[in-house]
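Everything on this sheet refers to the single structure shown next.
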Amino acid sequence: MFGYHLFLLYRCLKLPETTVIGYENHYRKAWIERILQVEVKERSPYLTMISSTISAATFFASTSLALSSVIGAWVGSTSNNILEGSLIYGSKSPSIISVKYISILFFFLVAYASFLQCIRSLVHANFLISMPNSDIPAKYVQKAVIQGSAFWSAGLRAIYFAATLLLWIFGPIPMFVSSVTMVVILHMLDTNSTPLHHFRPTKSPNLLSKIGVDPINCNQQGH
């Protein structure tokens, strides 16, 4: 899992168009550019989309914190004899059991922190987009949105790691099988083969009609 994500990080930095993360960031940049061309009073639908992502990140952050609390309480409990049963393969020493729990707890806390940073970045982007009578450069908003999406991805990856480590409770073999399966699935989901589309401004028939130009005659002259 660690090796795959190092390889994915290299692809995101050097060959972003071959990854879904780079593919989505390309369209996020174009989306922000189009939003800033719209009047501030007409940007409510776009702010709603960002708010829905903030709500989802809040849910995942709350869930990660709740699971971290449960695991922390379980580590502090002395009645965790379930890991000493016959179904558990591998070492059953108290030190190894503590390492398993602390590893799972660590990744849930990383997920919690990542989703919080995602919320912070998207709230900042929401603030910039809704600012009236301003000439904010598009790259400022793009940076905030892309940072939010990066923290969102980091939070999800931390949950993937925690889910794999949960199977470590039952022994190294289930964890190894889960790791290989997770890497294969993530590789298929993270690989992009669709060429990037470079957006161009289109002429709106409604805009042409407002300035007194017949869109039908305009299209015929274009042919």
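Can you tell me how many residues in segment 144-166 are closer than 20 Å to Lys29 by Cβ and aromatic (Phe, Trp, Tyr)?
Of the residues in segment 144-166, 2 are closer than 20 Å to Lys29 by Cβ and aromatic (Phe, Trp, Tyr).
Just to check your reading of the model, which residue among Ile71, Ile96, Ile21 is modelled with pLDDT of 90 or more and assigned to a helix (DSSP H, G or I)?
The unique qualifying residue is Ile21.
With modelled with pLDDT of 90 or more and either β-branched (Val, Ile, Thr) or in contact with a Gly (Cβ under 7 Å, 6 or more places away or on another chain) (or both) as the only criterion, which of Ile185, Ile136 stands out?
Ile185
I'd like the residue in segment 1-47 that is charged (D, E, K, R) and over 17 Å from Leu122 (Cα atoms) and, out of all such residues, is surrounded by the most Cβ atoms within 10 Å (Cβ to Cβ).
Within segment 1-47, the match that is surrounded by the most Cβ atoms within 10 Å (Cβ to Cβ) is Arg11.
Quick check: anything in segment 28-46 closer than 21 Å to Ser149 by Cβ, of a type in the set (Ser, Thr, Tyr) and under 15 Å from the mean Cα position of the chain (by Cα)?
no
Among the residues of segment 9-47, write down those that are aliphatic (A, V, I, L, M) and touching a strand residue (DSSP E or B) at 6+ places or on another chain (Cβ under 9 Å).
As a first pass, look at segment 9-47 and keep what is aliphatic (A, V, I, L, M): 9, 13, 15, 20-21, 30, 32, 35-36, 38, 40, 47.
Matches in segment 9-47: Val20 only.
It is to be established whether one or more residues within segment 127-143 are over 30 Å from Val38 (Cβ atoms) and in contact (Cβ under 8 Å) with a residue 60 or more places away in the chain.
No, segment 127-143 contains no residue that is over 30 Å from Val38 (Cβ atoms) and in contact (Cβ under 8 Å) with a residue 60 or more places away in the chain.
Given the criteria within 12 Å of Leu122 (Cβ to Cβ), touching a Cys at 6+ places or on another chain (Cβ under 9 Å) and assigned to a helix (DSSP H, G or I), does Ile50 qualify?
no
Of the conditions (1) under 30 Å from Ser93 (Cβ atoms); (2) surrounded by fewer than 18 Cβ atoms within 10 Å (Cβ to Cβ); (3) at pLDDT 85 or above, Ser178 clears all except one; give me its number.
Ser178 satisfies every listed condition except (2).
Here is a yes/no grid of residues against (1) surrounded by fewer than 18 Cβ atoms within 10 Å (Cβ to Cβ); (2) touching a Ser or Thr at 6+ places or on another chain (Cβ under 6 Å):
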{"position": "Tyr112", "(1), (2)": "no, yes"}
{"position": "Ala125", "(1), (2)": "no, no"}
{"position": "Ile129", "(1), (2)": "no, no"}
{"position": "Ala138", "(1), (2)": "yes, no"}
{"position": "Ala144", "(1), (2)": "no, yes"}
{"position": "Gly148", "(1), (2)": "no, yes"}
{"position": "Arg157", "(1), (2)": "no, no"}
{"position": "Ala162", "(1), (2)": "no, no"}
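The values are calculated or read from the model by the stated rules, or taken from the named source; none is laboratory data. Values in this document were obtained by computation on a predicted structure and should not be read as measured data. Reconstructed Cβ throughout: ideal geometry from the backbone, glycine too, with neighbour counts over all protein chains shown.
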